[in-house]
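Q: Take a look at the following structure, please.
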Amino acid sequence: MAMNAHAQALVGLITSANLRFVIPVYQRPYSWDKEQCEQLWDDILYVGNRPQDRHFTGSVVWVQDGTFSASGIQPMLLIDGQQRITTLTLIIAALAEHSRQHRNVALRFSYNEIMQRGYLVDTFREGEDRFKLTLTRGDRRTLESIIENLVDSDCSVDKESTKLIENYEFFRERIEALEDPSIVWDGIQRLDVVSISLDANQDNPQLIFESMNSTGKDLSSADLIRNFVLMGLSKEKQDALYLNHWRKIELILGADIYEDTFDEFLRNYLTVLYAPEPLVKRDIYHIYKRHVADRGYDKDNRIVDLLKELEKFADYYARITRGMESEPSRRRVLAELRKLNVTVINPLLLSLYDDYYQGAFADEDFLHMLELTESYVFRRSICDAQTNSLNKFLPSVIAKLNKVQDEGGNYAEAF
């Protein structure tokens, strides 16, 4: 069956029998801040106070690949709507906790109703099929522990995902402060979405994903590229490539700062590949897709080669920006360059690293060129020279050095 789109109640989608949502590894972690949570909360309260109204809260896009678990559950790979569904799950969990703690208060919902009617778990299943929503990485452990704590209060809550914990506590406090929390429950029942199911064999999830403009936080280049690289593959290949390659890139760049650093890393990396062509930040994703097509990485199962190249340059970038260089002399010079805080020089340094490991020059030449770069940047700083002129000049240097290398000239002398 090809793409199918229809409007339905969001809770009806979540509680569907024999279906559960699974977040693929290529999706970004849970990332909603207080601002997005408050917006959804306000929407729920607004429609909760208006019995005659319903509230449309965007689309939910999921892929069906025809697979079923041993217990007959079909996983729905969620490619758009993760943040909203995860946040709604937190609200429902907070309502269940409130009901459990206020059993003698008359409410239009109950702990038993939430736990037994498929809002959070399928009580007739075990293992991963038991949970109606499965996240990725540390998010998964934290969300499942919150739900397990509802089942058994002696189960401890895993606090690895600080976003989930903070937002769960936020909703618990908001619910506790309400005179009648049933308004929240009523509002949730009146949330509608357009449910879009895709067939992995007939539809192109990536093109549909790129065209979506859902509410919430904008996707970064890291989000788009991770999706672009992994989305079209089977779940088994996605998991393997993520664990063996993409996760390594995240760790190399710094797992705690990865979301903030990846876009800048990618711009520097593409500047090296397309020098002297000037790159505009907003075009990075499209330039990367061009790179994949130009090099044929989208054919003949060459995704591994693509990720290995990205991993290699991420290693260079970490040496330049995070002090990960192991050779003492180079580490010293790079530390001095970081103090000067002229990051526009980083593409040139990436290019030097890649050429060095391709054998273009010797160790002593590499160190000398790094020292010359430090001297050049330092002298410009002393003269209060503006750095914006380097945005065109340095890619031209990279291109000229590439030409010298292609022609068999003396790289270090040319530099």
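Q: Hey, any hits in segment 364-380 for a residue that's aliphatic (A, V, I, L, M), assigned to a loop (DSSP other than H, G, I, E, B) and either modelled with pLDDT of 95 or more or within 19 Å of M324 (Cβ to Cβ) (or both)?
A: Step one: of segment 364-380, the residues aliphatic (A, V, I, L, M) are 367, 369-370, 372, 377.
Next cut, assigned to a loop (DSSP other than H, G, I, E, B) only: none.
Checked against the condition, which is being aliphatic (A, V, I, L, M), assigned to a loop (DSSP other than H, G, I, E, B) and either modelled with pLDDT of 95 or more or within 19 Å of M324 (Cβ to Cβ) (or both), segment 364-380 yields no hits at all.
Q: Something else now. Sort out which residues of segment 181-196 are assigned to a helix (DSSP H, G or I) and among the aliphatic types (A, V, I, L, M), and write them in order of number.
A: The answer is I183, V184, I188.
Q: Are there any pairs, at least 6 apart or on different chains, whose C-beta atoms fall under 6 Å, with the first in segment 143-162 and over 15 Å from Y111 (Cβ atoms) and in contact (Cβ under 8 Å) with a residue 24 or more places away in the chain and the second polar (S, T, N, Q) and crowded, with 19+ Cβ neighbours inside 10 Å, and if so, which?
A: S161/T142
Q: Picking from E173, E179, which residue would you name as being modelled with pLDDT of 95 or more, farther than 27 Å from N18 by Cα and not aromatic (F, W, Y)?
A: After applying the criteria, what remains is E173.
Q: Right, another one. With respect to E210, is the statement that it is modelled with pLDDT of 95 or more and open to solvent by 30 Å² or more (accessible area, probe 1.4 Å) true? Talk me through it step by step, then tell me what you get.
A: Numbers: modelled with pLDDT of 95 or more: no; open to solvent by 30 Å² or more (accessible area, probe 1.4 Å): yes.
No, not satisfied.
Q: Among the numbered criteria (1) farther than 30 Å from D154 by Cβ; (2) out of contact with any Gly (no Cβ under 7 Å at 6 or more places or on another chain); (3) part of a helix (DSSP H, G or I), which single criterion is violated by V47?
A: Single failed check for V47: (2).
Conditions (1) of a type in the set (A, V, I, L, M, F, W, C); (2) closer than 29 Å to T162 by Cα; (3) at pLDDT 90 or above, marked per residue:
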position: A7; (1), (2), (3): yes, no, no
position: A17; (1), (2), (3): yes, no, no
position: Q27; (1), (2), (3): no, yes, no
position: S59; (1), (2), (3): no, yes, no
position: G66; (1), (2), (3): no, no, no
position: G72; (1), (2), (3): no, no, no
position: A96; (1), (2), (3): yes, yes, yes
position: Q101; (1), (2), (3): no, yes, yes
position: Q116; (1), (2), (3): no, yes, yes
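Q: Go over the candidates R103, R108 one by one and state the one that is touching a residue at least 24 places away in the same chain (Cβ under 8 Å), over 27 Å from R141 (Cβ atoms) and in a loop (DSSP other than H, G, I, E, B).
A: R108
Q: Under 15 Å from V272 (Cβ atoms) and either touching a strand residue (DSSP E or B) at 6+ places or on another chain (Cβ under 6 Å) or open to solvent by 70 Å² or more (accessible area, probe 1.4 Å) (or both) - does that describe any residue in segment 331-351?
A: Yes, some residue in segment 331-351 is under 15 Å from V272 (Cβ atoms) and either touching a strand residue (DSSP E or B) at 6+ places or on another chain (Cβ under 6 Å) or open to solvent by 70 Å² or more (accessible area, probe 1.4 Å) (or both).
Q: I would also like to ask the following. Under the condition of being within 24 Å of the chain's Cα centre (by Cα), of a type in the set (D, E) and open to solvent by 50 Å² or more (accessible area, probe 1.4 Å), which residue from segment 275-314 is nearest to E250 (Cα to Cα)? Before you say what the answer is, go through the steps one by one.
A: Filtering segment 275-314 down to residues within 24 Å of the chain's Cα centre (by Cα) leaves 279-293, 297-298, 301-314.
This time we only want the ones that are of a type in the set (D, E), so: 283, 298, 305, 309, 311.
Then keep just the ones that are open to solvent by 50 Å² or more (accessible area, probe 1.4 Å); that gives 283, 298, 305.
Details: D283: 22, D298: 22, D305: 17 Å.
Among those residues, the one meeting the criterion is D305.
Q: I need a count of the residues in segment 147-165 that are surrounded by 16 or more Cβ atoms within 10 Å (Cβ to Cβ), within 22 Å of the chain's Cα centre (by Cα) and in a helix (DSSP H, G or I).
A: Summing the residues that are surrounded by 16 or more Cβ atoms within 10 Å (Cβ to Cβ), within 22 Å of the chain's Cα centre (by Cα) and in a helix (DSSP H, G or I) in segment 147-165 gives 3.
Q: More than 20 Å from the chain's Cα centre (by Cα), closer than 26 Å to P75 by Cα and without any contact (Cβ under 8 Å) to a residue 24 or more places away in the chain - does that describe any residue in segment 232-249? I'd like the intermediate steps shown before the answer.
A: First pass over segment 232-249, keeping only residues more than 20 Å from the chain's Cα centre (by Cα): none.
So far as segment 232-249 goes, no, none of its residues is more than 20 Å from the chain's Cα centre (by Cα), closer than 26 Å to P75 by Cα and without any contact (Cβ under 8 Å) to a residue 24 or more places away in the chain.
Q: Which one is nearest to P75 (Cα to Cα) among residues in segment 113-129 that are open to solvent by 50 Å² or more (accessible area, probe 1.4 Å) and among the charged types (D, E, K, R)?
A: E128
Q: For segment 227-271, give me each residue that is touching an Asp or Glu at 6+ places or on another chain (Cβ under 7 Å), open to solvent by 10 Å² or more (accessible area, probe 1.4 Å) and closer than 18 Å to Y288 by Cα.
A: Of everything in segment 227-271, just one residue is touching an Asp or Glu at 6+ places or on another chain (Cβ under 7 Å), open to solvent by 10 Å² or more (accessible area, probe 1.4 Å) and closer than 18 Å to Y288 by Cα, namely H245.
Q: Also, quick follow-up: Would you be able to tell me the number of residues in segment 384-415 that are under 21 Å from P278 (Cα atoms), at pLDDT below 95, assigned to a helix (DSSP H, G or I) and open to solvent by 60 Å² or more (accessible area, probe 1.4 Å)?
A: Selection size over segment 384-415: 3.
The values are calculated or read from the model by the stated rules, or taken from the named source; none is laboratory data. All figures in this text were calculated on a predicted structure; none of them were measured in a lab. Glycine gets a Cβ as well: all are built from the backbone with ideal geometry, and neighbour counts include every protein chain shown. Just the protein is used for accessible areas: all its heavy atoms, side chains included, with ligands, DNA and RNA removed. Shrake-Rupley method; radii C 1.70, N 1.55, O 1.52, S 1.80 Å.
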